[in-house]
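Here's the structure, in structure tokens; my notes come after.
The values are calculated or read from the model by the stated rules, or taken from the named source; none is laboratory data. Keep in mind that what you see is a predicted model, and the values were worked out from it rather than measured. Positions of Cβ are backbone-derived with ideal geometry, glycine not excepted, and every protein chain shown enters the neighbour counts.
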Amino acid sequence: MRRAMFYKSLGEKSVQCELCPHFCTIGEGSRGLCRMRFNKKGILQAQNYGRSIVFALDPIEKKPLYHFFPGSRILSLGPNSCNLSCFFCQNFQSSQFDCPTHELSPEDLKDYLLAHLLNQVAFTYTEPLTWYEYIYDFSCLCQSEGIRIVLVSNGYINPEPIKIIARAVSAMNIDLKAFDDSFYRTYCKGSLNPVLATIRFVYEAGIHLEITNLLIPGLNDDQTTIGKLIDFLASLDPDIPLHFSAYHPAFKAKIASTPASVVQNACQMAKEKLKHVYAGNCSVPEFQDTYCPGCGRVLVSRSNYALQNVMNKSNTCPHCGTEIYGVFS
């Protein structure tokens, strides 16, 4: 364990965590909602510090990130923790319950990356921002090493913590579960506005940003909810890539899987206002490739994580010169 950041003492060895909008009040010997933060004798500790559920080399497209060094490989790891309680969680075994982990100190992670000539790492799988101290310490070690840090997050964090950690982050994919506060409160035990605030901050901070929305039949796949999400992103920047992903039954959810047609229809709606829209977890071929919004030609073609990238190093279309959002080489 390591002493946690962002908490205050309440007296009688009770503390309040200030990392995320839950503001958990934690008595001595207890853990917060995320299961990662433990009150030991009135001092909040980052439990499971340096312990990862997975250690894998992935295609960066699996994050999913389609506009950030497409075709590259990225080392991926994550904590046994999450600060939301989505009843449909696709990774519930490691996000909602204690499970086996492997120890890897920030120093070990840095040494591994350098020894294997890897220059990017993703904190992913569950909720990396509950692993805040580990990521922060690792980032401090790597300031001069040219290592890119990627976060795949639900965005449920308070303003001051994200402001500090963002200085070390190169890219984020944020899971916007629905543009509906009642959805967050009923199905995720959270709220919408903090996630929107994180998305705005990340974009305005100049961090590469992509958004994922998991479509669940009957809960967040209606045209009104999808339309509000599209309008929000379009008002921020229509260049931001949006990934609609098909849900499959998991954890406590027994709803049938999302039909590919629902994902396709959502993508078609989004293309009216957004420049880069993608389909995930199902077969919708027309929303796999990256197209130039200027001339319409294919810039990055994808098939089962194999791809062909014809982008210029200047991030412009080689056919018409249109600037494309992202970092492609």
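In region 200-211, the residue that is farthest from Ile324 (Cα to Cα) out of those that are out of contact with any Ser or Thr (no Cβ under 9 Å at 6 or more places or on another chain) and assigned to a loop (DSSP other than H, G, I, E, B) is Ala205. Whether any residue in region 254-265 is in a loop (DSSP other than H, G, I, E, B) and surrounded by 17 or more Cβ atoms within 10 Å (Cβ to Cβ) is what I want to check. Yes, that holds for at least one residue. From the list Gly32, Gly27, Gly11, Gly71, the lone residue that is in contact with a strand residue (DSSP E or B) (Cβ under 6 Å, 6 or more places away or on another chain) and surrounded by fewer than 16 Cβ atoms within 10 Å (Cβ to Cβ) is Gly27.
From the list Glu145, Glu133, Glu107, the lone residue that is at pLDDT below 95, charged (D, E, K, R) and more than 14 Å from the chain's Cα centre (by Cα) is Glu145. Note on region 74-132: residues that are of a type in the set (Asp, Glu) and under 18 Å from Met172 (Cβ atoms) total 1.
Scanning region 63-114 for residues that are assigned to a loop (DSSP other than H, G, I, E, B), touching a helix residue (DSSP H, G or I) at 6+ places or on another chain (Cβ under 9 Å) and of a type in the set (A, V, I, L, M) yields a total of 2.
Kindly establish whether Tyr278 is buried (at least 21 other Cβ atoms within 10 Å of the Cβ), over 21 Å from Cys89 (Cβ atoms) and either touching a Cys at 6+ places or on another chain (Cβ under 7 Å) or hydroxyl-bearing (Ser, Thr, Tyr) (or both).
For Tyr278, the condition - buried (at least 21 other Cβ atoms within 10 Å of the Cβ), over 21 Å from Cys89 (Cβ atoms) and either touching a Cys at 6+ places or on another chain (Cβ under 7 Å) or hydroxyl-bearing (Ser, Thr, Tyr) (or both) - is met.
Taken over region 289-310, the residue count meeting the criterion of being free of Cβ contacts under 8 Å to residues at least 24 places away in the same chain and at negative phi is 9. The single condition among (1) out of contact with any helix residue (DSSP H, G or I) (no Cβ under 9 Å at 6 or more places or on another chain); (2) within 25 Å of Thr101 (Cα to Cα); (3) not β-branched (Val, Ile, Thr) that Asp137 does not meet is (1). Checking each residue in region 282-300 for being touching a helix residue (DSSP H, G or I) at 6+ places or on another chain (Cβ under 8 Å) and either exposed (fewer than 14 other Cβ atoms within 10 Å of the Cβ) or within 20 Å of Phe68 (Cβ to Cβ) (or both) picks out Ser283, Glu286, Phe287.
Put simply, of Leu214, Leu229 the only residue that is part of a helix (DSSP H, G or I) and touching a residue at least 40 places away in the same chain (Cβ under 8 Å) is Leu229. Where in region 1-62 are there strands (runs of 3 or more DSSP E), lying wholly inside it, with at least 2 residues that are closer than 22 Å to Leu104 by Cα? It comes to 37-40, 43-46, 55-59. Within region 301-329, the set of residues being within 19 Å of Pro238 (Cα to Cα) and not in a loop (DSSP other than H, G, I, E, B) comprises Thr316, Glu323, Val327.
When each of Ala197, Ala178, Ala234, Ala166 is tested for being of a type outside the set (Phe, Trp, Tyr), more than 30 Å from Phe6 (Cβ to Cβ) and either in contact (Cβ under 8 Å) with a residue 12 or more places away in the chain or assigned to a loop (DSSP other than H, G, I, E, B) (or both), the lone residue that passes is Ala234.
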